[in-house]
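A quick write-up on the structure given underneath.
The values are calculated or read from the model by the stated rules, or taken from the named source; none is laboratory data. Nothing here was measured: the structure is a model prediction, and the numbers come from that model. Positions of Cβ are backbone-derived with ideal geometry, glycine not excepted, and every protein chain shown enters the neighbour counts. These area figures cover heavy atoms from the full protein model, side chains too; ligands, DNA and RNA do not enter into them. Shrake-Rupley method; radii C 1.70, N 1.55, O 1.52, S 1.80 Å.
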Amino acid sequence: MAPVTTEEAHFAEVPVSVAVVSVFGLVFSVSIFAWICCQRKANKASNKTPPYKFVHILKGVDIYPESLNGKKKFGGEKTPEAHGKQTLSPSGGRPELHLDLEKRDLNGNFTSKPPTLQLKVRSSPDLDIPSQQAGFGSGGNQEAGTPESVVSSQTPTPAVEKSQDKEGGLGTLYFSVEYNFEKKAFMVHIKEAHRLSPTDEQSLTSDPYIKLTLLPEKKHKVKTRVLRKTLDPAFDETFSFYGIPFARVSQLALHFMVLSFDRFSRDEVIGETLVPLADIDLSEGRVLMSRDIIKRNVRRSAGRGELLLSLCYQSTTSTLTVVVLKARHLPKTDSNGPSDPYVKVNLFQGKKRVCKKKTHVKKCAPNPVFNELFVFDLPSEDGLRDTSVELLLLDSDRTSRTPVIGRLLLGTSSPGTAGEHWREICDHPRRQIAKWHALSED
């Protein structure tokens with residue numbers, strides 16, 4: 001039983017020794033940490049820095065708060081020169097900066113008005129700056145014009161730009177002509193056009209292309225490709241006319257017609273230009289030319305406007321589809337302002353009106369765009385034989401004395417374009433056919 005008692009006493013002494021060692025290690029670690037903190041604090045006290053600093057926004061000079069006391073200056077000792085004068089530093093060619101802190105606030109601004117500095121402006125060879133201006137200064141102290149004033153005087157005003165645009169007309173066409181003696185071919189290169197007149201009033205763009213005709217025979221007719229949504233098209237296309245003798249070239253004339261493509265109806269003419277070749281010498285090679293595009297004399301209707309319609313006859317279902325697309329060149333109202341047009345569509349079977357429909361009103365639109373579709377049911381046994389469609393273009397303004405702007409009647413017995421359009425949809429069922437129609441008086 002004695003050995004068992006000795007082992008129990010030994011195990012009881014082990015935790016006590018471990019606790020003593022742990023306490024000694026903790027005290028040692030805390031002492032080391034305190035000594036390190038004291039050393040760091042001593043080092044910071046020896047290297048004192050000002051509580052803050054800011055950088056001078058003009059020259060990048062570091063200014064400390066203690067430097068603002070007394071009569072201290074930066075960049076050297078006090079000099080008798082005037083404030084703002086710069087001297088070269090001994091280290092290099094960079095001038096030293098002298099700041100009088102007594103006369104400046106904390107933001108570096110002068111509290112009193114500093115002496116004015118005379119700046120010399122050196123003008124470039126391309127910019128002529130007058131040395132004297134009438135009405136400025138007196139005697140020999142006349143101020144020179146600043147570059148800003150010179151540039152503003154040379155910049156055209158908006159009124160001048162508008163007048164220059166008006167002088168340009170409907171645009172400018174750039175092209176070249178050349179004669180190939182080896183192939184006996186007369187060549188025309190259509191390069192580009194600038195500042196064309198827009199035909200689409202909503203997007204203010206056009207889909208231009210050019211038709212070229214050799215006058216006076218009109219035998220040779222060519223056209224360029226269509227360029228979408230542009231007023232400055234670059235065609236870059238060359239057309240060669242073979243079999244034309246060189247002696248006959250001077251008797252020809254080039255007729256350029258600029259058009260805008262319209263997928264619903266006939267293309268709209270932007271303008272044209274005529275170029276006689278009598279005074280052009282092609283013996284020395286290619287000749288570059290440019291011509292202004294002028295307005296074409298187009299014969300319009302008797303002042304009632306035009307209406308674009310699309311018709312389609314479905315023989316299987318015995319239905320007639322009328323699409324009112326748009327109108328143009330509408331006359332002004334009694335108050336000399338744009339009208340508020342809408343279209344009324346009446347379907348007649350013989351002399352009896354069987355159906356009527358109308359579009360929405362377009363406010364203040366001399367060239368309204370409707371894009372509205374109407375479907376009419378027809379008697380199956382008769383078809384379009386006794387059917388006619390009347391379209392009335394009306395003004396919604398109730399104060400107008402003549403609300404009917406124009407009238408159009410489509411049927412088998414209709415004359416002109418209306419009758420032709422009606423016969424086409426009868427001969428070609430299930431085909432959508434669009435045409436412009438001139439409106440007549442009521």
**Asked** assigned by the TED database to the domain that holds ILE244 and more than 17 Å from the chain's Cα centre (by Cα): does that describe GLU201?
**Response** no
Filtering region 429-439 down to residues that are more than 14 Å from VAL324 (Cα to Cα) and either open to solvent by less than 50 Å² (accessible area, probe 1.4 Å) or free of Cβ contacts under 8 Å to residues at least 40 places away in the same chain (or both) yields PRO429
Practice task
Tell me, please, whether a residue that is modelled with pLDDT of 90 or more, in contact with a helix residue (DSSP H, G or I) (Cβ under 9 Å, 6 or more places away or on another chain), open to solvent by less than 20 Å² (accessible area, probe 1.4 Å) and assigned to a strand (DSSP E or B) can be found in region 324-332.
Solution key: no
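Per-residue answers, yes or no, for (1) surrounded by fewer than 18 Cβ atoms within 10 Å (Cβ to Cβ); (2) touching a helix residue (DSSP H, G or I) at 6+ places or on another chain (Cβ under 7 Å); (3) among the polar types (S, T, N, Q):
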site	(1), (2), (3)
ARG385	yes, no, no
SER388	no, no, yes
GLY406	no, no, no
ALA418	no, no, no
ASP427	yes, no, no
GLU441	yes, no, no
Looking at VAL361, is it open to solvent by 20 Å² or more (accessible area, probe 1.4 Å) and assigned by the TED database to the domain that holds PRO415?
yes
